[in-house]
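The structure appears right after this line, and notes come after that.
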Amino acid sequence: MQPISIVYEEPHFLVVNKPAALFSQAPLGIDSLQSRLASQLKHRDRHPGEPFVGLPHRLDRGTSGIMLIARNQRALKRFGEQFQSRKVIKQYLAVVEANVARRSAVGNPDAEFSAANLARRSAFGNPNVEDPAHEFSTTTEQRWEDYLRKIPDQPRAEVVTQDTAGAKLAVASVQTLQIASGQCLLRVKLETGRMHQIRIQAASRGLPVVGDASYGASLPWKTMDEITYAEPNAHPPVALHAWSLEFRHPQTAKALRFTAPVPTNWQQLPDEMLACFPLQSIEIEEL
């Protein structure tokens, strides 16, 4: 079983690099980052009881990247307050399909995520645009605003109108870093943290995250040997990585920023994209 990579550790919290295909949190008996990390710490520290592993936030099962872990109840409460008040800065890297406007679920009446407003399926108000990625500038930042809701009795979300019951505002700032081989590399800064937010907001603009078949992606996201599909509950990852997390120390209130490398299977990307981010480094910065 793959151990959890600990990026930074101190008495009040840990920062870890979550592997893709793993739940952040799950019921007893199902493998998750929380249970795996608790077992790892207990074995390493020879802890007599169960170590405290508190999650002030979560990542989707198929998403890799930076996660903050509280080591005590007080830290968990203070981190929770920071996330609740949107003081935590979260940045992601996403690879999306760039030539999918005619192949996406725009014309599929069974695709719930596209049902809300077909007139704005692409970022430019044209659901028939052949290649929406060409409209994305690599020098300017776009602001995505949508209302999302969880689909009842399904593990998915959809774009809805503001007056729909259960609708929640979802806001993100997006910049295209590179376009190559029919794919876009995006940097996404989340202002909110809704269920499947990046995945559904990108898909609703005709730009599904590579490997995310749940939201209309047609391209597979190949994996390498860092994921063992013989493991219980293994699940295909998507091309979405929580790259950077900025928050305040729960005791000193100092601003801290952590960034982590993408998984090794991201090396399948074109060289132009690989040049946009480090593959094998971990950065820790005190602001």
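Okay, residues lined up against (1) surrounded by fewer than 21 Cβ atoms within 10 Å (Cβ to Cβ); (2) polar (S, T, N, Q); (3) out of contact with any Gly (no Cβ under 9 Å at 6 or more places or on another chain); (4) at pLDDT 95 or above:
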position	(1), (2), (3), (4)
Pro208	no, no, no, yes
Gly216	no, no, no, no
Lys222	yes, no, no, no
Asp225	yes, no, yes, no
Pro232	yes, no, yes, no
Ala239	no, no, no, yes
Arg248	yes, no, yes, yes
Inset, instruction - Keeping to the range 46-82, report how many residues are of a type in the set (Lys, Arg) and assigned to a strand (DSSP E or B). - result: 0
Legend entry - Of residues in the range 159-175 being surrounded by fewer than 22 Cβ atoms within 10 Å (Cβ to Cβ) and among the β-branched types (Val, Ile, Thr), the one nearest to Ala275 (Cα to Cα): Val171
Inset, instruction - State whether one or more residues within the range 13-33 are over 27 Å from Val95 (Cα atoms), of a type outside the set (Phe, Trp, Tyr), without any contact (Cβ under 8 Å) to a residue 60 or more places away in the chain and touching a Gly at 6+ places or on another chain (Cβ under 8 Å). - result: no
Inset, instruction - Could you list all residues from the range 47-101 that are surrounded by 15 or more Cβ atoms within 10 Å (Cβ to Cβ) and of a type in the set (Ser, Thr, Tyr)? - result: Thr63, Ser64, Tyr92
Legend entry - Some residue of the range 182-202 being farther than 28 Å from Ser35 by Cα, assigned by TED's automatic domain parsing to the domain that holds Ser24, modelled with pLDDT under 95 and of a type outside the set (Ser, Thr, Tyr): no
Legend entry - Hits in the range 240-285 (condition: touching a Lys or Arg at 6+ places or on another chain (Cβ under 8 Å) and either among the basic types (Lys, Arg) or assigned to a loop (DSSP other than H, G, I, E, B) (or both)): Arg248, Pro250, Lys254
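The values are calculated or read from the model by the stated rules, or taken from the named source; none is laboratory data. Here the structure is a predicted model, which is why all the values come from computation and not from measurement. Positions of Cβ are generated from backbone atoms using ideal geometry, with glycine treated the same way; all protein chains shown enter the neighbour counts.
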